[in-house]
Amino acid sequence: MSKLHAHFIRAAASKDAWKQATLGELRGVVAGSPAQGVRSLAWAHGLGGSCAADDARGVAGMLYAAGGPGHTLRVDLRGHGRSQGAAGACDAELHAWPAAGAALRAAAHAGGARRAVFGGEAAGAFAALQAVVGAPEPAHAAAAGLILMRPPTIWGEREVWRRRYETAAGWVEKDGFEGKDVQWEAKLRLTAASYAGKLSKQEREVILGEWRAMGAPAYAAALRGLAASELPCDSVLRGLQLPVLVLAVPGDAEHPVQAAEDLAAIIPGARLAVAQSFQDAFETWPLLIREMLDSLAAD
């Protein structure tokens with residue numbers, strides 16, 4: 001990718017490209033508009049993130065480049081970003097993947113995205129998965145496709161991280177955001193995975209500022225909701241009948257390549273793409289997402 005192209009993708013995350021939107025009970029940003037022949041993409045961020053944080057990390061630019069002239073919605077999940085005031089922000093159960101998926105699906109519908117491609121990064125990937133499998137209609141009728149970007153640990157490895165989330169929630173409940181352990185845990189999760197090169201001081205401040213704005217009670221609830229979340233059973237995953245793209249990058253124990261490989265192996269016909277680095281992902285994943293969207297003719 002040329003420096004000019006990289007600059008374009010980063011600039012595409014600007015306020016001019018994304019318009020703030022009210023999406024049912026949640027808030028988010030939208031690029032493009034629903035129209036005949038256009039496939040919509042509905043997207044969820046990870047734990048402690050937000051649309052604004054994903055602007056700084058390069059995710060917004062990748063999705064804008066992938067969506068082209070189409071219709072892309074990025075949702076601030078409950079308690080995060082501009083959805084901090086949503087009802088239940090401090091309720092752990094409403095942060096668990098099934099509830100997050102239902103909220104993402106409702107937000108997509110409120111934004112005019114019918115039978116969208118659902119996608120997300122990190123914990124947001126499994127919110128997107130639940131948006132598909134938790135729909136009242138069959139998965140292939142509820143969604144046109146599914147994108148799982150850097151999914152979290154699953155199966156045996158998940159128990160270790162479940163305990164870590166519970167421990168981190170205890171730190172937050174005890175010390176708020178002032179404890180050194182709390183700050184270390186958040187900085188590691190929120191600023192380590194940058195797609196568009198080294199984060200500037202201003203970008204780091206945006207990302208961590210969005211996290212602090214959640215407030216300790218909501219962040220602790222989000223951690224406990226994540227700890228309590230379960231992946232759908234194997235039979236549900238094997239029964240998915242829609243295009244699925246699974247994206248991974250090495251070097252992140254919380255979102256390992258092995259989890260992506262295992263998901264791609266169990267979901268029929270899933271396409272797996274493992275980038276060599278975050279920079280490689282920044283250059284190649286928009287093309288893969290664009291290919292998927294272009295292959296799915298809108299209803």
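Given a 1.4 Å probe and the protein chains as shown, D54 ends up with an accessible area of around 10 Å².
Solvent-accessible area per residue for the chain at a 1.4 Å probe radius, Å²? Please list the in-between numbers first.
Numbers: 12300 Å² over 299 residues.
Accessible surface, normalised per residue, equals 41 Å².
Estimated from helices alone, the mean residue ellipticity of the chain at 222 nm is -14500 deg cm²/dmol (sum of -39500 (n - 2.57) over DSSP H runs with n ≥ 4, per residue). With a Förster radius of 22 Å applied to the beta-carbon distance between I266 and L188, the computed FRET efficiency rounds to 0.15. Placing unit charges on the Cβ atoms of the charged side chains and taking the dipole of segment 58-144 about its Cα centre, the candidate lying farthest along the positive direction among V59, A102, G134 is V59. Computed about its Cα centre, the charge dipole of the chain is approximately 580 debye, with only Lys, Arg, Asp and Glu carrying charge at their Cβ. Multiplying the residue separation of E137 and E173 by 0.36 nm and removing their Cα-Cα distance gives an extension gain of 9.1 nm. Full extension of the chain between R114 and V257 yields a length gain of 48.4 nm, computed as 0.36 nm times the residue separation minus the alpha carbon distance. The relative contact order of segment 39-116, computed from alpha carbon pairs under 8 Å that lie at least 6 residues apart in sequence, is 37 percent. Only protein atoms count toward the accessible area here, which uses a 1.4 Å probe; on the chain, the carbon and sulfur part of that area reaches 54 percent. Just to be sure I follow the definition: excluding the sites themselves, where is the longest run in the chain that has none of the trypsin sites (Lys or Arg not before Pro) in a DSSP loop with at most 14 other Cβ atoms within 10 Å? In the chain, the maximal stretch lacking such sites is 199-299. Of the GluC sites (Glu not before Pro) found in segment 205-279, those in coil by DSSP whose Cβ has at most 13 other Cβ atoms within 10 Å are E230.
Taking 10 °C and 1.306 mPa s as the conditions, I'd like the Stokes-Einstein D for segment 81-217 in µm²/s, using the Kirkwood hydrodynamic radius from alpha carbon pairs.
D = 95 µm²/s.
Quick one: work out the % antiparallel among DSSP beta bridges in segment 13-138, nearest 5. If I count the DSSP bridges inside segment 13-138, around 55 percent turn out antiparallel. For segment 166-297, averaging the sequence separation of C-alpha pairs within contact (under 8 Å, six or more residues apart) and dividing by the residue count gives a relative contact order of 24 percent.
Across the chain, the relative contact order, built from alpha-carbon pairs under 8 Å that are at least six residues apart, equals 22 percent.
Which residue, Q130, Q183, Q84, has the most motion in a Gaussian network model of the chain that connects Cα atoms within less than 10 Å? It is Q183. Based on Cα atoms of segment 143-229, Rg over Rh with Rh as the Kirkwood radius reads 1.01. Using only the Cα atoms of the chain, each taken as one equal point scatterer with no solvent, compute I(q) by the Debye sum, divide by I(0), and report log10 of the ratio at q = 0.09, 0.15 Å⁻¹. The calculated log intensity ratios at q = 0.09, 0.15 Å⁻¹ are -0.37, -1.15. Pairs of Lys residues in the chain are counted when their Cα atoms are under 20 angstrom apart and they lie 8 or more places apart or on different chains; the count is 6.
Size estimate for segment 222-268 follows the Kirkwood approach: the inverse of mean 1/r over distinct Cα pairs works out to 12.2 Å.
For segment 56-93, the residues whose amide N sits under 19 Å from a probe point set 7 Å from the Cα of A213 along the beta carbon direction are 56-61, 73-90.
Considering only DSSP beta bridges with both partners in the chain, what is the antiparallel share in %, to the nearest 5? If we restrict to bridges inside the chain, about 30 percent are antiparallel.
The values are calculated or read from the model by the stated rules, or taken from the named source; none is laboratory data. Since this is a predicted model, take the numbers as computed values, not measurements. Positions of Cβ are backbone-derived with ideal geometry, glycine not excepted, and every protein chain shown enters the neighbour counts. These area figures cover heavy atoms from the full protein model, side chains too; ligands, DNA and RNA do not enter into them. Shrake-Rupley method; radii C 1.70, N 1.55, O 1.52, S 1.80 Å.
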